[in-house]
1. If I ask for residues that are at pLDDT 95 or above, in a loop (DSSP other than H, G, I, E, B) and of a type outside the set (Val, Ile, Thr), which ones from the range A:1-37 would you list?
2. May I ask you to list the residues in the range B:37-71 that are of a type in the set (Ser, Thr, Tyr), more than 10 Å from every other protein chain (Cβ to nearest Cβ) and either surrounded by 17 or more Cβ atoms within 10 Å (Cβ to Cβ) or part of a loop (DSSP other than H, G, I, E, B) (or both)?
3. Conditions first: (1) crowded, with 22+ Cβ neighbours inside 10 Å; (2) within 14 Å of chain B (Cβ to nearest Cβ); (3) small (Gly, Ala, Ser). A:ALA211 passes all but one, so which condition is the exception?
4. Exactly one condition in (1) crowded, with 24+ Cβ neighbours inside 10 Å; (2) out of contact with any strand residue (DSSP E or B) (no Cβ under 6 Å at 6 or more places or on another chain) is false for A:PHE390; which is it?
5. For the range A:110-161, how many residues are acidic (Asp, Glu) and in contact (Cβ under 8 Å) with a residue 24 or more places away in the chain?
6. From the list A:GLU360, A:GLU340, A:GLU305, which one is within 17 Å of A:ALA395 (Cβ to Cβ), of a type in the set (D, E, K, R) and over 17 Å from the mean Cα position of the chain (by Cα)?
7. Within the range A:190-208, does at least one residue satisfy the condition of being within 14 Å of chain B (Cβ to nearest Cβ), of a type in the set (Phe, Trp, Tyr) and in a loop (DSSP other than H, G, I, E, B)?
8. Can you tell me which residue among B:ASP34, B:ASP30, B:ASP21, B:ASP5 is within 14 Å of chain A (Cβ to nearest Cβ) and either free of Cβ contacts under 8 Å to residues at least 40 places away in the same chain or closer than 30 Å to A:THR304 by Cβ (or both)?
Amino acid sequence: MNRVVITGSGTVNALGTDVSETLLSMQEGKCGIGPLKFRDVDRLSIKIGAQIKGYTETDYFNRQELVLYDRVTQFAILAARQAVNESGLIFGGELSENSGVLLGTAAGGMNTWEDNYRAVFESGKNRVHPFVVPKLMNNAATSHVSMEFNLKGPSFTVSTACASSNHAIGLAFQMVRSGMVDVMIAGGSEAMLTFGGVKAWEGLRVMSKDACRPFSDNRSGMVQGEGAGIFILEKYENAISRGANVLAEIVGFAMNSDASDIVVPSQHGASTAMIRALKDARMDINDVGYINAHGTGTRANDTTECAAITKVFGAHVKKLMVSSTKSMHGHLIGGTGAVELLACIMAIRDGIIAPTIGYEQKDTSCDIDVVPNIARNAKVKGVVSNAFAFGGMNAVLVMRPV
Amino acid sequence: MTVHDKVIKIIAEQGLLDVGDVSQTATLQDLGIDSLAVVESIFAIEEEFNINVPFNANLPENSDFDISSVSSIVKSVENLVAEQS
């Protein structure tokens, strides 16, 4: 079994167009949520989201690329470039054959679906661009990252709603650990902030009209975000021998299924996933200092997650810091675990715990330290990242400093 | 059908019940209507009466739409129909 480390990271999200800007925003407790700006937004009852501000696709990609790159692919490529650059890896020869890409997304090329549905259904056009299929398919982002960096090993996309990124990173970790590959580029991307994407979420009646306030008694629901987070996972020995800068070590992963309800989370499923991930990591619960919560800001998630954490950690819960960074970058759905991993890296490497912003009132059913509103300096030995998806699919990662 | 009868029919359908089994004092929980079915019932009510129902599943008790019992739902719908038509 190989030890697995992260040697590169990249992101674009509402808090920043790279990792340092994003982490600085988290340290300052900045909120990336604001009024949504896109076509027909006036027909929505939910009009806020964490959109990437000032993003113009033509600043980054040429015409030939843009006919193939949906917004979700653009985000993945931009984040992957940063991650590969930070890792210092150059892919060629054997390394190229033994490296792959594994990304999560829930909605894939949603903008492409929407634009082309409008063209044929609303505008009555009988012809669409020839590249609609390769542009909207859920594996498009993964494929373009593999092509951009010449990665010829195993590559695929996972789609498990809000747990997609954690499943992708967890599986990539297992692939490097087992020796199946030398390097995996892993993470997730989502670009669901479209009229149809928000309209669909609106229907569930769990969205907030004003702010995302996880664990706060006056929480009013979740707020969608967009963007990508991408990481370079490689064997510890290789990273050390080439003198790479190690950001964190991934030591454990577990996934399971509630098998109970399509939207309502299960305390048993969540707590079992955490227990198994810690067992996989061979980490004592007392060594966990920080949990990046799923923390969607819905009543159903927050109360279930708090109960599950309390069950798993017992008396140690009093010493645990638990924060939901969704309060700042919104819920990136299939990309969320990847952006949240940045907060985990910041905790491990920099000793800074990202806050839960928007916290206003104590909820007695969530009696945990949610690092309210202000970032905190603290050294941690172990970090857990939770993702509990619709469909009851749970994926939990465990990390530590090297 | 009156507003009352239409609302009862929607609730009965969600609870897989006969209309006669939906009593005025029953809560949605009594009728076996879970959170997902509540959201679906509200959607059905909006479609049936062409109204917007202010309801957030995270703040049920803070919503203007009172779902604490069958009779409170009927009353809320009657008010919304009067306001919005």
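The values are calculated or read from the model by the stated rules, or taken from the named source; none is laboratory data. Keep in mind it's a predicted model, so treat the numbers as computed, not measured. Reconstructed Cβ throughout: ideal geometry from the backbone, glycine too, with neighbour counts over all protein chains shown.
1. Hits for the range A:1-37 are A:ASN2, A:ARG3, A:ALA14, A:LEU15, A:ASP18, A:GLY29, A:LYS30, A:CYS31, A:GLY32, A:LEU36, A:LYS37.
2. B:SER41, B:SER68, B:SER69
3. With (1) crowded, with 22+ Cβ neighbours inside 10 Å; (2) within 14 Å of chain B (Cβ to nearest Cβ); (3) small (Gly, Ala, Ser) applied to A:ALA211, the lone miss is (1).
4. (1)
5. Number of matching residues: 2.
6. Exactly one of A:GLU360, A:GLU340, A:GLU305 is within 17 Å of A:ALA395 (Cβ to Cβ), of a type in the set (D, E, K, R) and over 17 Å from the mean Cα position of the chain (by Cα), namely A:GLU305.
7. Checked against the condition, which is being within 14 Å of chain B (Cβ to nearest Cβ), of a type in the set (Phe, Trp, Tyr) and in a loop (DSSP other than H, G, I, E, B), the range A:190-208 yields no hits at all.
8. Details: B:ASP30 fails: within 14 Å of chain A (Cβ to nearest Cβ); B:ASP21 fails: within 14 Å of chain A (Cβ to nearest Cβ); B:ASP5 fails: within 14 Å of chain A (Cβ to nearest Cβ).
The unique qualifying residue is B:ASP34.
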